[in-house]
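The values are calculated or read from the model by the stated rules, or taken from the named source; none is laboratory data. This structure is a prediction, so every number in the text was calculated from the model and none was measured. A quick note on method: Cβ atoms are made from the backbone with ideal geometry, for glycine too, and the neighbour counts reach across all protein chains shown.
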Amino acid sequence: MEYISTRGTIAPVGFIDAILMGLADDGGLLVPKQIPALSAERLKAWESLSYRELALEVFSLYIEGEIPRDELKKLVDDSYGTFRDPEVTPVRRINDRLHVLELFHGPTFAFKDVALQFLGNLYSYISRKNNSIIHILGATSGDTGASAIEGVRGKEGIRICILHPHQKVSKVQELQMTTVNDANVLNLSVHGTFDDCQRIIKELFADVSFKHKYHLRAINSINIARILAQTVYYFYAYFKLARQGVQGAINFSVPTGNFGDIFAGYLAKRMGLPVGKLILATNENNILERFVKEGVYEPGEFRGTYSPSMDIQVASNFERYLYYLYGADAAAVSGIMGDFKKNGRIVIPADKLKQVQADFDAYGVQNDECLATIGTYYDDTGYLLDPHTSCGVAAADKLAEAGEVTVALSTAHPAKFNESIQLVGIDQTFPAQIEALFDKPQHQTIVEGTNEAIAAQVVKFYEA
């Protein structure tokens, strides 16, 4: 399997080189040269697999022997052996039409663990095999940082620097990152928004000489390994319901701000998984909803919401979808992204908008609606939704039609966002691992949101 850039000006690379490159050296995002097509027979054969077995099969399609199968199996087993539920991503039935895919049973109680436990172990494997230096640089709106740090903390040959927007993540998210006191971890609390952090990261990676000098590696979903790992749970959820007698295509409602989680669903559908609607759930930062409805991609005014991990205006994975929307025309994508950088706006023609609306439906959930959905489902079913999952459930309620079965992705444990849960008047009990965070000292550096300030911290850390 080879990987190519959405902008088309780098030579194809193999899987490990794609992981190490992260952001393509031409500024684009890496995608597989071919998307594997799965037959009905293979899907049926996969139906009874455990999560680990399924992950091994999916990864094998995209690695094609570059990592020996026995070594890949160990990576998979080590990565998902850290999860509290033996199913890794269990599916909970809420009612006849709605199921919740719980993605929060990993070490940091967030869906990012599903990909980042694997990517952390993969980086460690590559470092040992190649005797290479791994300097991870990433940005987070809350969950990626904690998951990435947990995936690599204390590991020889790896250092990690994570940017998060100062005082714009939940307290638990902040504590999960900043109470880590390992020498190979640096937390930068950045004055600005997540979009500022993400822009700085992408611009530092786009400086190819700087990137190579300091051995920078990506942990954000610009890294294709993140997307590939996330496709697995779409297959797992579908097979789980199929074994329970659910027939036909299944909808997935996905709370997303950076477009990575729902792009993984799109990739699974392109591979042959019988997906009905892919429902894109956003909050009041609804640039993606406006794109699906109107064909205009244009950042608006930033809004802080009760679902802070989706408080994003510029979705870094959006370019991958544009590549497929434009028929793998890298020149077209390069031109579109160049215009976007210059003008801050993308407008697609009517025929492309028709395709977008065939691929996705979308709904932006308002703050009050998010809280109301948490309260309603708790009162009616006893199931407590975190505010991001609430957006996914609210969108499913709005857009799924009668008789359709929808799986809403639950991206975090509600204990990570108690500020929002308390507004509904619900008192929850924290898991012991989260409760213990409040008694630990914090370790972080507060910095200005400029490329120069971040680069100075990066250089200081990686040269130490």
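In region 36-56, the residue that is farthest from G106 (Cα to Cα) out of those that are assigned to a helix (DSSP H, G or I) and touching a Leu at 6+ places or on another chain (Cβ under 7 Å) is W46. G22 passes every criterion in (1) farther than 26 Å from A146 by Cα; (2) touching a residue at least 12 places away in the same chain (Cβ under 8 Å) apart from (1).
Residues that are farther than 24 Å from K352 by Cα and of a type in the set (S, T, Y) were ranked within region 293-325; the one that is surrounded by the fewest Cβ atoms within 10 Å (Cβ to Cβ) is T305. Here the helices (runs of 4 or more DSSP H) wholly within region 58-175 that include at least 2 residues being under 30 Å from F210 (Cα atoms) are 112-130, 143-152. Listed by position, the helices (runs of 4 or more DSSP H) contained in region 200-271 that have at least 2 residues being of a type outside the set (G, A, S) and under 10 Å from the mean Cα position of the chain (by Cα) are 224-243, 260-271.
Yes/no matrix, rows are residues, columns are (1) of a type outside the set (S, T, Y); (2) under 22 Å from the mean Cα position of the chain (by Cα):
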site: A330; (1), (2): yes, no
site: S334; (1), (2): no, no
site: K341; (1), (2): yes, no
site: K354; (1), (2): yes, no
site: T381; (1), (2): no, no
site: K398; (1), (2): yes, no
site: T406; (1), (2): no, yes
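Inside region 367-464, counting only helices (runs of 4 or more DSSP H) that do not spill past its ends, which hold 1 or more residues that are touching a residue at least 12 places away in the same chain (Cβ under 8 Å) and basic (K, R)?
On the way: elements: 367-381, 387-399, 418-423, 432-435, 451-463.
Per the criteria, 387-399.
Within region 291-312, can you find the residues that are closer than 17 Å to N367 by Cα, out of contact with any Cys (no Cβ under 8 Å at 6 or more places or on another chain) and in a helix (DSSP H, G or I)? Residues satisfying the conditions are P308, S309.
Can you tell me which residue within region 336-351, out of those that are of a type outside the set (G, A, S) and outside any helix (DSSP H, G or I), is farthest from L325 (Cα to Cα)?
So, considering only residues that are of a type outside the set (G, A, S) and outside any helix (DSSP H, G or I), the one farthest from L325 (Cα to Cα) is R345.
If I ask for residues that are in contact with a Ser or Thr (Cβ under 9 Å, 6 or more places away or on another chain) and over 18 Å from I434 (Cβ atoms), which ones from region 90-115 would you list?
Hits for region 90-115 are R92, I94, N95, R97, L98, H99, V100, L101, V114, A115.
Under 7 Å by Cβ, and 6 or more places apart or on different chains, what pairs join a residue from region 128-153 that is farther than 21 Å from G192 by Cα with one that is hydroxyl-bearing (S, T, Y) and in a loop (DSSP other than H, G, I, E, B)? Qualifying pairs under 7 Å: H135/Y214; S147/T108; E150/T108. Would you call G265 at positive phi, touching a helix residue (DSSP H, G or I) at 6+ places or on another chain (Cβ under 9 Å) and among the small types (G, A, S)? No; evaluated as a whole, the condition is false for this residue. Scanning region 142-160 for residues that are over 24 Å from D386 (Cβ atoms) and buried (at least 24 other Cβ atoms within 10 Å of the Cβ) yields V152, I160.
Table: residues versus (1) polar (S, T, N, Q); (2) at pLDDT 95 or above; (3) within 17 Å of the chain's Cα centre (by Cα); (4) over 25 Å from D26 (Cβ atoms).
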site: G151; (1), (2), (3), (4): no, no, yes, yes
site: G157; (1), (2), (3), (4): no, no, no, yes
site: S170; (1), (2), (3), (4): yes, no, no, yes
site: T179; (1), (2), (3), (4): yes, yes, no, yes
site: L188; (1), (2), (3), (4): no, yes, no, yes
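Residue selection: G138 satisfies the criterion of being buried (at least 24 other Cβ atoms within 10 Å of the Cβ) and among the small types (G, A, S). Confirm whether T376 is at pLDDT 95 or above, over 23 Å from the mean Cα position of the chain (by Cα) and within 23 Å of I250 (Cα to Cα). No. Kindly indicate whether any position in region 275-288 is surrounded by fewer than 24 Cβ atoms within 10 Å (Cβ to Cβ) and out of contact with any strand residue (DSSP E or B) (no Cβ under 8 Å at 6 or more places or on another chain). No, region 275-288 contains no residue that is surrounded by fewer than 24 Cβ atoms within 10 Å (Cβ to Cβ) and out of contact with any strand residue (DSSP E or B) (no Cβ under 8 Å at 6 or more places or on another chain). Taken together, the residues in region 1-35 that are at pLDDT 95 or above, assigned to a strand (DSSP E or B) and either surrounded by fewer than 17 Cβ atoms within 10 Å (Cβ to Cβ) or under 22 Å from the mean Cα position of the chain (by Cα) (or both) amount to 7.
Total residues in region 36-77 satisfying the condition of being among the charged types (D, E, K, R) and buried (at least 21 other Cβ atoms within 10 Å of the Cβ): the figure is 0. I434 satisfies every condition listed in (1) within 27 Å of N181 (Cβ to Cβ); (2) in contact with a strand residue (DSSP E or B) (Cβ under 7 Å, 6 or more places away or on another chain) except (2).
Total residues in region 449-462 satisfying the condition of being more than 16 Å from L216 (Cβ to Cβ) and loosely packed, with under 13 Cβ neighbours inside 10 Å: the figure is 1.
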